[in-house]
Amino acid sequence: MRQGLVRQMQDEWQALTAASATGRALARWTAAYPALAGYADLAALQTATEDRSDKDRSDAILAALARLAARDGGDDPLAARVLLQLLMAGAVRLAQRITAVTGDPIGAQADVLAELSALIRTYPWRRRPRRIAANLLLDCQQRLSRAARHDRGEVPVGLQPLPDDETDQAASREADERVEVIDLFVWAQTRGVLSAEEALLLAAHRVDEIPVRQLTGRLGRSATGLFTLRNNAEARLRDALTNAA
């Protein structure tokens, strides 16, 4: 994200919080979504979501905005813009982790914001009513990782590509399997089995097949710390699946 774009979005956010039309929209939203009630303006709403002492309240606010923003919900572009702003800190951190791998901070940050904006408008709020921030940021990471792998894809010399129909079937099976694994991590997050960091680690390692040692810069931990985090997370996930079964 170019620094100018950062300033532009922040300036836009300041203008949105001060606009009378935005205040009327917030009042309209609260009539249908009690989680958004009691806040004087968007700045107060942002402050509430950043209060880590009440994560349930924050998640309820984000869930209401996600439903308002989704095309099959309220289809409200303003709600989508507000939700994007409330996810900005997580988006910047995700872009920093991607930059540690790609070395392209401008491209990484721009890609994250563009992908996140699209995901907000198509968010499956009926199926994923909780852990909104973690779900959106995890989905964003997965899509960008898949796109990066696709762009790097090459057919080694001497090997013949599969026929188109077989390629499509193999890609479809792989996509289905990836979605199932990602849904498992989301399920584990919604039940408090995994933290957002653990879900990101497992997704990067198990789904994107990135070696743990290559994730140290992206996740800001030592290799030993990541191995411990992974092992503990997978043990809890196995126990949760056993109990659920």
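Tabulated data for the structure shown
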| read-out | value |
| --- | --- |
| Any hit, the stretch 75-85, residues being touching a residue at least 40 places away in the same chain (Cβ under 8 Å), over 16 Å from Thr22 (Cα atoms) and of a type in the set (A, V, I, L, M) | no |
| Residue in the stretch 117-139 that is open to solvent by less than 30 Å² (accessible area, probe 1.4 Å), part of a helix (DSSP H, G or I), closer than 25 Å to Leu194 by Cα and in contact with an Asp or Glu (Cβ under 7 Å, 6 or more places away or on another chain) present | yes |
| Tally of residues being touching a Lys or Arg at 6+ places or on another chain (Cβ under 6 Å), β-branched (Val, Ile, Thr) and either open to solvent by 20 Å² or more (accessible area, probe 1.4 Å) or closer than 17 Å to Thr102 by Cβ (or both) across the stretch 182-222 | 2 |
| Test: Asp59 is closer than 26 Å to Glu198 by Cβ, among the charged types (D, E, K, R), modelled with pLDDT of 90 or more and surrounded by 15 or more Cβ atoms within 10 Å (Cβ to Cβ) | yes |
| Residue match in the stretch 76-92 (condition: among the polar types (S, T, N, Q) and closer than 27 Å to Thr216 by Cβ) | no |
| Qualifying residue in the stretch 69-91 (condition: buried (at least 20 other Cβ atoms within 10 Å of the Cβ), modelled with pLDDT under 90, in contact with a helix residue (DSSP H, G or I) (Cβ under 8 Å, 6 or more places away or on another chain) and closer than 27 Å to Ala203 by Cβ) | yes |
| Single residue of Leu26, Leu45 found to be open to solvent by less than 60 Å² (accessible area, probe 1.4 Å), free of Cβ contacts under 8 Å to residues at least 60 places away in the same chain and farther than 21 Å from Leu119 by Cβ | Leu26 |
| Selection status of Ala91, closer than 30 Å to Arg213 by Cβ and in contact (Cβ under 8 Å) with a residue 24 or more places away in the chain | yes |
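The values are calculated or read from the model by the stated rules, or taken from the named source; none is laboratory data. What you see is a predicted model; the values in this text were computed from it and never measured. With ideal geometry, Cβ positions are generated from the backbone for all residues, glycine too; neighbour counts draw on all protein chains shown. In case anyone asks, the SASA skips ligands and DNA or RNA and just uses the protein heavy atoms, side chains included. Shrake-Rupley method; radii C 1.70, N 1.55, O 1.52, S 1.80 Å.
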